[in-house]
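S.K.: The following block contains the structure, expressed as structure tokens.
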Amino acid sequence: MMRAMQFEGVGKPLKMVEREVPAPGPAQLLVRISACAVCRTDLHLIDGDLPDPKIPVVPGHEIVGHVLQTGDGVSDFAVGQRVGIPWLGHVCGHCHFCDSGRENLCDEARFTGYQIDGGYATHAVADADFCFALPDSYDDAHAAPLLCAGLIGHRCLKAAGEARRIGIYGFGAAAHIITQVAIAEGREIYAFTSPGDTTAQDFARSLGCVWAGGSNAFPPVPLEAAIIFAPVGPLVPVALEAVEKGGTVVLGGIHMSDIPSMPYRILWGERVVRSIANLTRDDAREFMQIAARVHIDTSVTTMPLEQANEALARLRAGNVSGAIVLVP
């Protein structure tokens, strides 16, 4: 038997259940989970911000584990091998998005911990084509946040282009990872936190940010780009006013509160606002190579699987530096 923390509907706490251990189908892996990081997307699922989840479903999409069994046709992974399982779990492979290298936009995509049972459990089944080898320099708990916080941060940083002075709004799991990558690339990072959150500001400075302050403050210099990880729509015009002409504001969340009306003058000057949706498998391959090359100090707090509800409550309250990782 396997154990899982199961989502059964909006407004309900996750429920610990026992299930039969699933068997992998063709081209799938059965994985014994050793760590699964907690993501804000999991809160959006539980709060009903994401439409049409599978009910019931096991949340969690930053999964690290070891292969217990391979399905027919699997050749890239062996029993006992460590693997990572991310958010993107399936695409059709033949639509115009998939054919043009944009499988993250596939209309038939299915996602781990949303439409596919995920990592708040002792076991999971995943399509082998959507699993990845992980750098050996990270143990299981410290590797887990790489699989969404790291991947989405990587895609956001790519969307910022060649910008050297980058503001990051919302200094959580994704921000603390991609800040270290950006600094290794010679960029300057300006961290924006909830006003008065000196703990998060000190954390940002400890990672090498050249400036940290509240989201109600202006940076000391104009930014070339900004990345917004906080799901707070009113930050969009704030970030636009902080970037110089030609700058890009990247929205890194899967859900955001409504963006308020704003004067055209703060968008004018060829400023750009763009969102990031999901990830591609190429993103994962690229980022795992970066993570192997750059020493990323993923700051993690481990909690037992049974305390998933408490972990989510801590994340909701903002009482997390880095990432919480559930350990079965």
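Any read-out appearing in this document is the output of simple, stated calculations on the displayed coordinates, not a laboratory observation. From a predicted model like this one, the values you see are computed outputs, not experimental measurements. Glycine also receives a Cβ, built like all others from the backbone with ideal geometry; neighbour counts cover every protein chain displayed.
S.K.: Just check segment 187-328 against the gyration tensor rule for me: Cα atoms, a ≥ b ≥ c as the square roots of the eigenvalues, rounded for a/c under 1.5, and otherwise prolate or oblate depending on whether a/b exceeds b/c.
M.R.: Details: a/c = 1.65, a/b = 1.50, b/c = 1.10.
It comes out prolate by the Cα gyration axes.
S.K.: Same structure, new question: Post the alpha-carbon centroid distance, segment 163-202 to segment 231-277, in whole angstrom.
M.R.: 17 Å
S.K.: Taking 0.36 nm per residue of separation and subtracting the Cα-Cα distance, what length does fully extending Ile183 through Met303 add?
M.R.: Full-extension gain reported as 40.2 nm.
S.K.: Let me know the charge dipole size of segment 71-159 about its Cα centre in debye, to the nearest 20, where only the beta-carbon of Lys, Arg (+1) and Asp, Glu (-1) is charged.
M.R.: Numbers: 5 positive and 12 negative charges, 71 e Å.
Roughly 340 debye for segment 71-159.
S.K.: Return the distance in nm (one decimal) between the two label points of a simple spin-label model at Gln81 and Ser275, each offset 7 Å from Cα along Cα→Cβ.
M.R.: It works out to 3.5 nm between the two label points.
S.K.: Please report, in debye to the nearest 20, how large the charge dipole of the chain is about its Cα centre when each Lys and Arg carries +1 at its beta carbon and each Asp and Glu carries -1 there. Don't jump to the answer; show the numbers that get you there.
M.R.: Details: 25 positive and 36 negative charges, 115 e Å.
For the chain, the charge dipole is close to 560 debye.
S.K.: Taking the chain as a Gaussian network, Cα atoms linked when under 10 Å apart, which of Ile63, Ile177, Ile276 shows the biggest mean-square fluctuation?
M.R.: Judging by the Gaussian network model, the answer is Ile276.
S.K.: I want to verify a result. In a Gaussian network model of the chain, Cα cutoff 10 Å, which of these has the top mean-square fluctuation: His295, His255, His154?
M.R.: His295
S.K.: Now a separate question. If you line up the Cα atoms of the chain on their principal axes, what length do they span on each, largest first, in Å?
M.R.: 57, 41, 38
S.K.: Same structure again: Of the candidates Lys12, Lys158, Lys54, which one comes out as most mobile in a Gaussian network treatment of the chain with C-alpha springs shorter than 10 Å?
M.R.: Comparing Lys12, Lys158, Lys54 in a Gaussian network model of the chain, the most mobile one is Lys12.
S.K.: What is the gain in length, in nm to one decimal, between Met16 and Leu105 on full extension, counting 0.36 nm per residue of separation less the C-alpha to C-alpha distance?
M.R.: Numbers: separation 89, 0.36 × 89 = 32.04 nm, distance 3.28 nm.
Taking Met16 through Leu105 to full extension adds about 28.8 nm, to one decimal.
S.K.: If you don't mind, another one. If you average 1/r over all unlike Cα pairs in segment 156-263 and invert the result, what Kirkwood radius do you get in angstrom?
M.R.: Values: mean 1/r = 0.0743 Å⁻¹.
Kirkwood radius, segment 156-263: 13.5 Å.
S.K.: Would you pull out the residues with amide H under 5 Å of Val273's amide H, same chain only if 5 or more places away, H placed 1.01 Å from N?
M.R.: Val249
S.K.: Counting pairs of Cα atoms in segment 237-304, how many percent are more than 20 Å apart?
M.R.: Numbers: 1253 of 2278 pairs.
The share of Cα pairs beyond 20 Å in segment 237-304 comes to 55 percent.
S.K.: Please get the size of the charge dipole for segment 33-97, origin at its Cα centre, with Cβ charges of +1 on Lys and Arg and -1 on Asp and Glu, quoted in debye to the nearest 20. Don't skip to the end; give the middle numbers.
M.R.: Working: 3 positive and 7 negative charges, 30 e Å.
I would put it at about 140 debye.
S.K.: What are the extents of the Cα atoms of segment 60-124 along their three principal axes, in Å, largest first?
M.R.: Ordered largest first, segment 60-124 gives principal extents of 36, 27, 16 Å.
S.K.: Something else: Considering Cα pairs under 8 angstrom that are at least six residues apart, work out the relative contact order of segment 9-163 and quote it in whole percent. Write out the running numbers ahead of the final one.
M.R.: Working: 298 pairs, mean separation 46.8, N = 155.
Relative contact order comes out at 30 percent.
S.K.: Return, ordered by residue number, the residues of segment 23-65 whose backbone nitrogen is under 17 Å from a label point located 7 Å along Cα→Cβ of Asp129.
M.R.: 25-30
S.K.: Using only Cα atoms, what Kirkwood radius does segment 122-178 have, in angstroms?
M.R.: Numbers: mean 1/r = 0.0753 Å⁻¹.
Final number for the Kirkwood radius of segment 122-178 is 13.3 Å.
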